[in-house]
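Notes follow once the structure below has been shown.
A short reminder: the numbers here are calculations on the coordinates, not readings from a lab. No experiment lies behind these values; they were computed from the predicted model shown. Positions of Cβ are generated from backbone atoms using ideal geometry, with glycine treated the same way; all protein chains shown enter the neighbour counts.
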Amino acid sequence: MKAKILNLLAENARMSLAEIAGRVGATPEEVKAAIHSLEEEGVIRGYKVILNESDLGVSKVRALIEVKVTPRRDGGFDQVAERIARYPEVTDLYLISGGFDLLLMVEGDSLQDVASFVSAKLSTIDGVISTSTGFMLKKYKESGRIMQNDEEYERLKVCP
Amino acid sequence: MMKNMNDSKCAHREFVAEHVKQLPKSGIRRFFDLVNTMDDVISLGVGEPDFVTPWTIRETGIFSLEKGHTSYTSNLGTPALRREVCRYVEKNYHVSYNPDNECIITIGVSEALDIAMRALLNPGDEVLYTEPCFVSYPAEVRMAHGVPVPVETRFEDEFALDPEMLRAKITPKTRVLLLNFPCNPTGAVMPVDKLRKVAEIAIEHDLVVITDEIYSELLYEGEHVSIASLPGMRERTLFLHGFSKAFAMTGWRIGYACGPREIIDAMMKVHQYAIMCASTMAQEAALEALRNGEKEMARMRDSYCERRNLIVDGLNRIGLECLLPKGAFYAFPSIRSTGLDSTEFAEQLLKAERVAVVPGVAFGACGEGFVRCCYATAASEIMEALDRMGRFMESLKQQ
């Protein structure tokens, strides 16, 4: 049941308990308890809204930064990664296979903000060899949601 | 002076053929017109998936156009699609067909059914079919100058076909038995023991069985058994299937028929003169559906299953007795407790609470006392519809 609940929450974290209950075949109370325990266990870390900021008129600056790191003998990439993860500017951070090691998504109010984070903070961390910053120009899709609004298409209301 | 052709004195013979004039307009059509005059309607009245065709299939259709594949295909359909269809049918239904001459690609099951009737029936031949049923069946038979003979299916049999009721309707003129399980509108499936008995009756009376298995992937309990796979049935069964429901491709109009060469050959003649071939783009998209669409299909099926549980629980809770349908995406609750007939129920519900359901009588006389609620609708809409229907039921009690 927990797996089914997680699937539904991943699709819509604001789905009502009653709807989840109906769809997984449980009572709302059971669903509530299951979600609570998933939160307690740390499987669910939070709930987040997916925004299309371009409709909002707020212009945050986002950048994807590829970072090369010298792994430590004791602990590999984890220590550097955990250090980088603590910066609030960093919204996402992954260890990646291929030509670089860490992939960061960084958010700031302006280009300047992000640039100074990279030069003053990120590059100076012990173990960071090089960084390559790409500023995000347009968002097409996030967390499975496409940003472009399709033309409305109405299916027949009654058909055989 | 020009003669006024609209002059009533200018008598002419009947333009419309008698057997077409006699065809009733689909009961759904009238209801559709009524729904369309209203806003804010939650519709449980559709007969199609609420998913858009999976992207990989759509993209293949687009690519087909980009490549310039815009000419006719072979009458039977592209060899690649026929091969893939036969592979799919063998794997999932355990009947093997030769793609060269035992399979034809059609414009949905609707066309397959039409050309099958035209290929199989002599005027006056009787076709048995189960009711309640898809609205086209009796009309398809009449258009081919056959005589449609309904066999009732009942709530107490979970709307499965009772072999003895079938037997009672057989006459020397009976030629064809038309089956549709899982069933639109009841969601019923055929238990294997009953299916075996039906097969025995078909053999005993030398009937051709046409089996429309368009909903067979959308099965939520048990395993689907095609009558074509039962002993002695392959040679007298025409297996109809398509992509509309399982792959959410209703608007593409693409389906197929598999059967004995003699029947496919005959259907092919009608098809080549009437249709030529199914659209090339849709055939290429359908091929992609069979090659890479099964995962998406399973995802959609699981989603229907969740919503089935939601709606059936809800209907029973508000006092509309409803079986748990094992397949398709329709719930078929009884509305007899309200004292209304199904048309009154549907119209009053629509006017009072703006929920559209389809009167059971649209699917045949024995559908009276029931309504069809399609649950291929967003779960949140189903819940809202159930709230509104609950309110409607309360208001009936107070009258």
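Using amide H atoms built in the peptide plane, which far-off residues or other-chain residues are under 5 Å from B:G242 H to H?
B:Y256
Please list, in chain and number order, the residues 5+ apart from B:I210 or on another chain whose amide H is under 5 Å from its amide H, with Hs placed from the backbone.
Under 5 Å from the amide H of B:I210: B:L177, B:L178, B:L179, B:L238.
Among A:V61, A:V128, A:V43, which one shows the biggest mean-square fluctuation in a GNM of chain A, springs joining Cα atoms closer than 10 Å?
A:V43
So, in Å, what gap is there between the alpha-carbon centers of the range B:250-273 and the range B:289-321?
Using only Cα atoms to place each centre, the spacing works out to 30 Å.
For chain B, which span is the longest to avoid every loop-located (per DSSP) member of chymotrypsin sites (Phe, Trp or Tyr not before Pro) having at most 12 other Cβ atoms inside 10 Å?
The reported range is B:73-399.
Taking only Cα atoms and a 10 Å spring cutoff, compute GNM fluctuations for chain B and point out the largest among B:L23, B:L386, B:L44.
For chain B, modelled as a Gaussian network with Cα springs under 10 Å, the answer is B:L23.
Enumerate the aspartates and glutamates that B:K21 could reach by cross-link, defined here as Cα to Cα under 17 Å, with residues fewer than 8 away along the same chain left out.
B:E140
Taking θ = phi - 60°, what integer Hz values does the Karplus form 6.51 cos²θ - 1.76 cosθ + 1.60 yield along the range B:273-287, in sequence order, with x for Gly and Pro?
Listing the rounded values in order: 7, 8, 10, 6, 6, 5, 5, 5, 4, 5, 5, 5, 5, 4, 4 Hz.
If one computes the Cα centroid of the range B:35-61 and of the range A:144-160, what distance in Å separates the two points?
Between the Cα centre of the range B:35-61 and that of the range A:144-160, the gap is 7 Å.
Would you list which lysines come within 23 Å of B:K25, measuring only between C-alpha atoms, while excluding same-chain residues fewer than 8 positions from it?
Straight-distance partners of B:K25: A:K157, B:K351.
Using a 10 angstrom Cβ neighbour count of at most 11 plus a DSSP loop assignment to flag exposed GluC sites (Glu not before Pro), which longest range of chain A is free of such sites?
Free of exposed loop sites, the longest segment is A:1-150.
Taking amide hydrogens as modeled 1.01 Å from N in the peptide plane, which residues meet the under 5 Å criterion relative to B:R372, leaving out close sequence neighbours?
Those qualifying (amide H under 5 Å, at least 5 residues apart or on another chain) are B:V358, B:G360.
Would you list, by chain and number, the lysines whose Cα falls below 23 Å from the Cα of A:K4, excluding same-chain residues fewer than 8 positions away?
Leaving aside lysines fewer than 8 places away in the same chain, those within reach of A:K4 are A:K32, A:K48, B:K295, B:K326.
Using the Karplus curve 6.51 cos²θ - 1.76 cosθ + 1.60 with θ = phi - 60°, what ³J(HN,Hα) values do you get for each residue of the range A:40-54, in whole Hz, with x for Gly and Pro?
4, 5, x, 5, 8, 9, x, 10, 9, 9, 9, 10, 9, 4, 5
In nm, what is the difference between 0.36 nm times the number of residues separating A:L111 and A:M147 and their Cα-Cα distance?
That works out to 10.7 nm of additional length.
Do the sum for the protein assembly as shown: with -39,500 (n - 2.57) for every DSSP H run of n ≥ 4, divided by all residues, what is the mean residue ellipticity at 222 nm, to the nearest 500 deg cm²/dmol?
-11500 deg cm²/dmol
What is the sum of charges, Lys and Arg at +1 and Asp and Glu at -1, for the other residues whose Cβ falls under 11 Å from the Cβ of B:P325?
Taking every Cβ under 11 Å from that of B:P325, the sum is +1.
Taking R0 as 56 Å, what FRET efficiency do you get between B:E18 and B:E221 from their Cβ-Cβ distance, rounded to the nearest 0.05?
0.75
Checking the a/c ratio against 1.5 first, then a/b against b/c, what shape does the Cα gyration tensor give for the protein assembly as shown?
It is prolate, given that a/c is not under 1.5 and a/b is the larger ratio.
Can you give the net charge of the other residues whose Cβ lies under 13 Å from the Cβ of B:E235, counting K and R as +1 and D and E as -1?
0
Percent relative contact order of the range B:145-193, based on C-alpha pairs within less than 8 angstrom and at least six residues apart?
Taking the mean separation of contacting Cα pairs over the length of the range B:145-193, I get 32 percent.
Cα centroid distance between the range B:347-382 and the range A:93-131, in Å?
When both Cα centres are located, 58 Å separates them.
Rounded to the nearest 0.05, what FRET efficiency do A:L38 and B:K269 have when you use their Cβ-Cβ distance and R0 = 51 Å?
That pair, A:L38 with B:K269, gives E of 0.25.
Compute the relative contact order of chain A as a whole-number percentage, counting only Cα pairs closer than 8 Å that sit 6 or more residues apart in sequence.
22 percent
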